[in-house]
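Okay, structure first, notes after.
The values are calculated or read from the model by the stated rules, or taken from the named source; none is laboratory data. All of these numbers come straight from a predicted model, not from anything done at the bench. Methodologically, a virtual Cβ is constructed for each residue, glycine included, from the backbone with ideal geometry; neighbour enumeration extends over all protein chains shown. Ligands, DNA and RNA are stripped out before the accessible areas are found, and what is left, the full protein with its side chains, is counted by its heavy atoms. Shrake-Rupley method; radii C 1.70, N 1.55, O 1.52, S 1.80 Å.
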Amino acid sequence: MPPASTKAAAQEAVADTRLSPGTPGHRRMSLALFAAGVAAFALLYSTQALLPAVSAEFGATASAASWTVSAATGALALCVLPLSALSERFGRRPMMTVSLAVAVVVGLLVPFAPSLEWLVALRAVQGAALAGVPASAMAYLAEEVRPKALIGAIGLFVAGNSIGGMSGRIVTGWAAQLWGWRAGLAAVGLMAVVCAVAFRLLLPKARHFTPGSLNPRALAATVRTHLADPLLLRLYAIGALFMTVFGAVYTVIGYRLVEAPFSLPQGVVGSVFLVYLVGTVSSAAAGKLVGRMGRRGALYLAVGTTAAGLLLSMSESLAAVLAGLVLITAGFFAGHAVASSSVSRTAKTGRAQASALYQSAYYLGSSAGGTLGAVAFHLGGWSATVLLGLVAVLGVVSITLYGTHAARVEERLARRVHRGAHGAHSGNRAPAVSGLR
């Protein structure tokens, strides 16, 4: 007869109706959230590849035009927490549906903006609408997917983000070269319509969601609890710093590539974003990477890859610049997948708020990176933008090293406290900071 532990594990697996590879609905869920990620990132960064054309149209500097990106990401960062609270009351699926619908409608209006000010304002509204997607998606996955399959599921959603970012920039780049930047934005809007419809048709209904009440005091208490958690604070900072690098690089790279010595046309500049495919692979592979190296080891690898890419991108060779972008993209998406999945694993209650706070930090990093990267480029060229990125990378290294030190200190304290009859058993327990392992 099988041992009792084997029987208990089998009974638990049968009782667990959450999704995992091979279970009914898992493929539909994966495709639906992939489509949502494509639509969200394509819309959110739809103007990024067009910034040189926007500057030329309105006679704006790089830093002024960059606000068409920073306004969207900044509005998302500000609205993600309140919209995640609404998702606790009305459900993840309805919140993502309404958010995508509003963002798509605004996306169809954006090409008709009569001035830079109107363009920035519409983009801010669009970013606010999109705030309902990322945190709700992370909470949906945490509730509907089995823990062992969670990193892979989140990695696939992040992969959809990378595909959306890539396809949106390529579509806008070539459409802009043929018919102007407004046509590029219109093309992305239509693409997002298709993805939003696919998302709504494919996503299974939530089976493990329990509606909560809209209690501002309870929400504030949950937020305070998360902000008082040292590990969550470190994860939020890591997400913000990774996105600062990414936002700075991809906001400014178009300006660098249209200038000498490269002088690339708009369509080719848009095609440069094919390197996002590397991000799709690295984010989807984050689960295996963590299994081999641990969470902190995976973060160190992501940081090293990103830093190497930044340094390589300073070359005057187009091939070297593209290779640098490949490394930056791979490192960023791997680091983001590890940090975001660690948040979902660490938060035992209020997962939507924990994910929302991560998303707020993440997109504030994007806004800061886009704006500061453009200012740095205006003042000191590409080398100044790279320096900004390296400072942010150093911040990630410092935080991760501190987490490693804190884990070791806590392990030593646990051994001292539990030394004796239960010392050996307790000494092997994962400490509270194990979310970065």
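Side notes on the structure shown:
- When the criteria are applied in full, Ser383 fails the requirement of being over 16 Å from Thr251 (Cα atoms), surrounded by fewer than 20 Cβ atoms within 10 Å (Cβ to Cβ) and of a type in the set (Ser, Thr, Tyr).
- For the criterion of being in contact with a helix residue (DSSP H, G or I) (Cβ under 7 Å, 6 or more places away or on another chain), small (Gly, Ala, Ser) and either open to solvent by less than 80 Å² (accessible area, probe 1.4 Å) or over 25 Å from Ser341 (Cβ atoms) (or both), Ala198 passes.
- Test result for Ser313, within 16 Å of the chain's Cα centre (by Cα) and crowded, with 22+ Cβ neighbours inside 10 Å: no
- Entirely in the range 1-118, the helices (runs of 4 or more DSSP H) that have 1 or more residues that are modelled with pLDDT of 85 or more and open to solvent by less than 60 Å² (accessible area, probe 1.4 Å): 26-44, 51-58, 62-65, 67-90, 92-109
- Being open to solvent by less than 50 Å² (accessible area, probe 1.4 Å), modelled with pLDDT under 95, within 30 Å of Val268 (Cβ to Cβ) and in contact with a helix residue (DSSP H, G or I) (Cβ under 7 Å, 6 or more places away or on another chain) is a condition met by no residue of the range 342-361.
- Flag for Ala308 being open to solvent by less than 40 Å² (accessible area, probe 1.4 Å) and either more than 19 Å from the chain's Cα centre (by Cα) or under 9 Å from Gly331 (Cα atoms) (or both): no
- Residue that is farthest from Tyr363 (Cα to Cα) [pool: residues in the range 47-64 that are aliphatic (A, V, I, L, M) and touching a residue at least 60 places away in the same chain (Cβ under 8 Å)]: Ala53
- Taking the listed residues Arg169, Arg224, Arg217, the one that is open to solvent by less than 10 Å² (accessible area, probe 1.4 Å), more than 29 Å from Gly25 (Cβ to Cβ) and not aliphatic (A, V, I, L, M) is Arg169, with no other qualifying.
- Residue that is nearest to Leu264 (Cα to Cα), among those in the range 309-320 that are in contact (Cβ under 8 Å) with a residue 24 or more places away in the chain and of a type outside the set (D, E, K, R): Leu318
- Scanning the range 172-195 for residues that are small (Gly, Ala, Ser) and open to solvent by 20 Å² or more (accessible area, probe 1.4 Å) yields Gly180, Ala183, Ala186, Ala187.
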